[in-house]
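Structure, as structure tokens:
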């Protein structure tokens, strides 16, 4: 991480950036092993973003991750369309549990991509369209 700019980031972001610098992307074996060695609270800090879970659509724009956000919004719209078609074919609304499960999954989609996407933008200078860049298997 470029330490000359570290003052502009909160302690949480500095810790996340340092972890990514040391262990690489979330898809690497080293990252997974180091993450497992951390206490639960630190794993949550590194691996997810609570603000992005609840306000992902807005938060990604605030962080300047608009390209990745547009892709995530397109995925959410696609899921909503598929569920709407299923409801139309069934002639009844989906059960509340299914609806809630889908909403939680969409929130997790923003939450688990936010930290590494912001790291790529701020530290590596990569601001592409793929919100899942580096998250899968490497």
Taking residue 86 as the residue in question, decide whether it is modelled with pLDDT of 95 or more and over 22 Å from residue 44 (Cβ atoms). no
Could you check, for the stretch 41-60, whether at least one of its residues is outside any helix (DSSP H, G or I) and more than 18 Å from residue 127 (Cα to Cα)? yes
Quick check on my filter: what residues within the stretch 111-127 are in contact (Cβ under 8 Å) with a residue 12 or more places away in the chain and either over 29 Å from residue 15 (Cβ atoms) or not in a helix (DSSP H, G or I) (or both)? 127
Mind checking which residues of the stretch 12-28 are assigned to a helix (DSSP H, G or I) and closer than 15 Å to residue 117 by Cβ? 13, 16, 17, 19, 20
State yes or no: is residue 31 at pLDDT 95 or above, in a helix (DSSP H, G or I) and either touching a helix residue (DSSP H, G or I) at 6+ places or on another chain (Cβ under 8 Å) or under 17 Å from residue 119 (Cα atoms) (or both)? no
Which one of 81, 45, 65, 108 is surrounded by 12 or more Cβ atoms within 10 Å (Cβ to Cβ) and free of Cβ contacts under 8 Å to residues at least 60 places away in the same chain? 45
Matching entry among 60, 55 (being surrounded by 14 or more Cβ atoms within 10 Å (Cβ to Cβ), free of Cβ contacts under 8 Å to residues at least 24 places away in the same chain, under 13 Å from the mean Cα position of the chain (by Cα) and within 26 Å of residue 101 (Cβ to Cβ)): 55
Where residues in the stretch 65-110 are outside any helix (DSSP H, G or I) and in contact with a helix residue (DSSP H, G or I) (Cβ under 7 Å, 6 or more places away or on another chain), which of them is farthest from residue 50 (Cα to Cα)? 93
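The values are calculated or read from the model by the stated rules, or taken from the named source; none is laboratory data. Keep in mind it's a predicted model, so treat the numbers as computed, not measured. Note that each Cβ is placed from the backbone with ideal geometry, even for glycine, and that neighbours are counted across all protein chains shown.
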